[in-house]
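Asker: Submitted below is the structure of interest, expressed as structure tokens.
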Amino acid sequence: MIRDLVDGVWADCTDDLGFDLEDPATGEPRGRALGSSGERVERALAAAARVPLPWAAAGRRAELLEAAADALAGRVAEIARLESYATGVPIRQATGLGMIVHGSFALAAAQVRAGLLLSVRDGVEVHRLPWGPALCLVPWNAPAPMAAHKAASALAAGCPVIVKVSEYAPDGTQLLAEVLHEVLPPGVFQLVHGGPRTGALLAADPRIAAVSFTGGLAGGRSVAAACAAGLRPAQLELGGNNPLIVMPDAETGAAADAAARLLTTLNGQWCRALGRLVVPRERLGDLVAATGERLTALRAGDPLAEETEFGPLVHSRQVRRVREAVAGAGGRAVSYGTVPDKGNFLAPTLITGADLADEVFGPVAAVVPYDTVEEAVAVANATPYGLEGYVVGGDEERALAVARQVRAGEVKVNGASVMSLHLFTPRPAWGLSGVGEEGTAESVLFFTGARVVGVERTS
């Protein structure tokens, strides 16, 4: 049953969202999509507004965040299975992402203990203080890890937090909330459910002091507009149309491995997935063939099976959206591998002869040829998005020189993992990919404002 946690009290959700949740592996309905009632949402907002700021002293916050990390560590395997089942992400990937669930709370506590929220410069104090009640809006591709990162950061800053998880995959985040309920004071962490209407209602409410949103461009624009009237801070990580530049000296196998991995991690349903494979024109055929071989070799099937490497999309609605995007792209679309006939599966697809103007959010990428490296950079930057970029090359220094020219928040050289380059570097977003920076420290600081205190010295 889908339940919300409001002011320390659990209740069954009753608002019918108008569609059925699905088992991605079979396509069969697994229950109605339900949201929190308007009365429960109002009660959550009122409860958050009553919480004193900060909700506990810094040392006590660190203790409780560490207790949450310890409690969550024992439930991560269960959360990962719920995430895999609900989203279609293979369990081996969901398990790897699971470390973010408890790790986020441990890292947030460590930031507080290290003095992130107070610095002294020549006797002048800089206090980082909580803005107030925080709203965290979380998508469906890795909901529990993202909810954990955002919520832990807000809590570390001293903010009470309301999380609204995607209506398509509430399961893992609900278990996360059950664990936090046992550790944190009532009202400090709350969970509500619902669709875009609920998210818009929450974001527009003046009792919300800061909003952290990860999701699509349309949703991000709505959040930005809702926050603009009250000049409230909004942290927006939106989509990407991410390029992989294959340098002329790149080894074919390495380039194909990177392309296949970027195309199919989280079944292609992640904002940093491959959008455009930018390849030397004279090597186009070989690189497409090599990438196709790796895609064909992937074991597609039940996401809960340990041997599965590629799973289904989250919902039949998403399958339709991706198919429509492929049909509207033009060019020649070729799909690779064999996927089960039942369920929400869609085989990895490469499109040649056309570029993709926007993010597809599925296992689909365009292949774009270039004649010079300068042209490759221009192709990579010919998009209003700027989230992630990738460069594969044999000469690492030359590849780094090209990476420095790519207009994106992060650019990886000879890498294709789902993780950031470094645990303590920011995760910026450029252009239509969003506003602001997430990160181990950056996300905590987002939920704070600075107060500078000191004695003015006139001599």
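The values are calculated or read from the model by the stated rules, or taken from the named source; none is laboratory data. This is a predicted model, so every value here is computed, not measured. Using ideal geometry, Cβ is built from the backbone for each residue, glycine included, and neighbour counts are taken over all protein chains shown.
So that you can scan it fast, the table gives a plain yes or no per residue for (1) within 17 Å of residue 380 (Cβ to Cβ); (2) touching a Phe, Trp or Tyr at 6+ places or on another chain (Cβ under 7 Å):
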{"position": "249", "(1), (2)": "no, no"}
{"position": "253", "(1), (2)": "no, no"}
{"position": "261", "(1), (2)": "no, no"}
{"position": "267", "(1), (2)": "no, yes"}
{"position": "274", "(1), (2)": "yes, no"}
{"position": "280", "(1), (2)": "yes, yes"}
{"position": "289", "(1), (2)": "no, no"}
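Asker: Does any residue in the stretch 350-365 that is within 15 Å of residue 323 (Cα to Cα) come within less than 7 Å, Cβ to Cβ, of a residue that is surrounded by fewer than 24 Cβ atoms within 10 Å (Cβ to Cβ) and charged (D, E, K, R) six or more places away or on a different chain, and which pairs are these?
Answerer: Once the first residue is within 15 Å of residue 323 (Cα to Cα) and sits in the stretch 350-365, its partners that are surrounded by fewer than 24 Cβ atoms within 10 Å (Cβ to Cβ) and charged (D, E, K, R) give 351/332; 356/276; 365/276.
Asker: Could you list, in sequence order, all residues of the stretch 5-27 that are over 30 Å from residue 305 (Cα atoms) and buried (at least 19 other Cβ atoms within 10 Å of the Cβ)?
Answerer: Listed by number, the residues that qualify are 5, 6, 13, 15, 17.
Asker: Name the single residue, out of those in the stretch 426-459 being in a loop (DSSP other than H, G, I, E, B) and among the hydroxyl-bearing types (Ser, Thr, Tyr), that is nearest to residue 149 (Cα to Cα).
Answerer: Once the filter is applied, the top-ranked residue is 440.
Asker: So, in the stretch 121-158, of the ones that are at pLDDT 95 or above and among the charged types (D, E, K, R), which residue ends up nearest to residue 213 (Cα to Cα)?
Answerer: 150
Asker: Next question. Quick one: which residue in 438, 442, 375 is within 14 Å of residue 271 (Cβ to Cβ) and not aromatic (Phe, Trp, Tyr)?
Answerer: So the residue among 438, 442, 375 that is within 14 Å of residue 271 (Cβ to Cβ) and not aromatic (Phe, Trp, Tyr) is 438.
Asker: Still on this structure, please answer the following. Please pick out the residue among 281, 299, 276, 321 that is within 23 Å of residue 420 (Cα to Cα) and at pLDDT 95 or above.
Answerer: 276
Asker: Please determine, by comparing only the residues of the stretch 54-113 that are polar (S, T, N, Q) and out of contact with any Phe, Trp or Tyr (no Cβ under 8 Å at 6 or more places or on another chain), which one is surrounded by the fewest Cβ atoms within 10 Å (Cβ to Cβ).
Answerer: 95
Asker: If we scan the stretch 221-233, do we find a residue that is under 22 Å from residue 359 (Cβ atoms) and free of Cβ contacts under 8 Å to residues at least 24 places away in the same chain?
Answerer: yes
Asker: Of the conditions (1) of a type outside the set (A, V, I, L, M); (2) modelled with pLDDT of 95 or more; (3) farther than 26 Å from residue 132 by Cα, residue 448 fails just one. Which one is it?
Answerer: Going through the list (1) of a type outside the set (A, V, I, L, M); (2) modelled with pLDDT of 95 or more; (3) farther than 26 Å from residue 132 by Cα, residue 448 breaks only (3).
Asker: Can I ask one more? Tally up the residues in the stretch 185-202 that are among the hydrophobic types (A, V, I, L, M, F, W, C) and either out of contact with any Leu (no Cβ under 6 Å at 6 or more places or on another chain) or without any contact (Cβ under 8 Å) to a residue 24 or more places away in the chain (or both), please.
Answerer: Looking only at that region, the number is 4.
Asker: Among the candidates 354, 333, 325, 289, single out the residue that is surrounded by fewer than 20 Cβ atoms within 10 Å (Cβ to Cβ), over 24 Å from the mean Cα position of the chain (by Cα) and part of a helix (DSSP H, G or I).
Answerer: After applying the criteria, what remains is 289.
Asker: Give the stretch 357-387 a look and list any residue that's polar (S, T, N, Q) and crowded, with 20+ Cβ neighbours inside 10 Å, or say none.
Answerer: If the condition is that a residue be polar (S, T, N, Q) and crowded, with 20+ Cβ neighbours inside 10 Å, then 383 is the only one that fits.
Asker: Given the residues 256, 260, 203, which is the only one that is in a helix (DSSP H, G or I), touching a helix residue (DSSP H, G or I) at 6+ places or on another chain (Cβ under 6 Å) and under 16 Å from residue 45 (Cβ atoms)?
Answerer: Only one candidate qualifies: 203.
Asker: Please identify the pairs in which a residue from the stretch 402-418 that is within 16 Å of residue 382 (Cα to Cα) has its Cβ atom under 6 Å from the Cβ atom of a residue that is buried (at least 17 other Cβ atoms within 10 Å of the Cβ) and acidic (Asp, Glu), counting only partners at least 6 apart or on another chain.
Answerer: Correct list of pairs: 408/388.
Asker: Could you grab me the full set of residues in the stretch 44-87 that are in contact (Cβ under 8 Å) with a residue 60 or more places away in the chain, in contact with a helix residue (DSSP H, G or I) (Cβ under 6 Å, 6 or more places away or on another chain) and within 25 Å of residue 33 (Cα to Cα)?
Answerer: 75, 79, 80, 82, 83, 84, 86
Asker: Separate question: Contact list please: Cβ distance under 8 Å, first residue in the stretch 12-27 and outside any loop (DSSP other than H, G, I, E, B), second residue aromatic (Phe, Trp, Tyr), pairs at least six apart or on different chains.
Answerer: Note: pairs meeting the criteria are 21/168.
Asker: With the requirement that a residue be surrounded by fewer than 21 Cβ atoms within 10 Å (Cβ to Cβ) and of a type outside the set (S, T, N, Q), what does the stretch 28-44 give you?
Answerer: Listed by number, the residues that qualify are 28, 29, 30, 31, 32, 38, 39, 42, 43.
Asker: Looking only at the stretch 397-425, count every residue that is over 30 Å from residue 100 (Cα atoms) and either assigned to a strand (DSSP E or B) or not aliphatic (A, V, I, L, M) (or both) and tell me the total.
Answerer: Total satisfying the criteria: 3.
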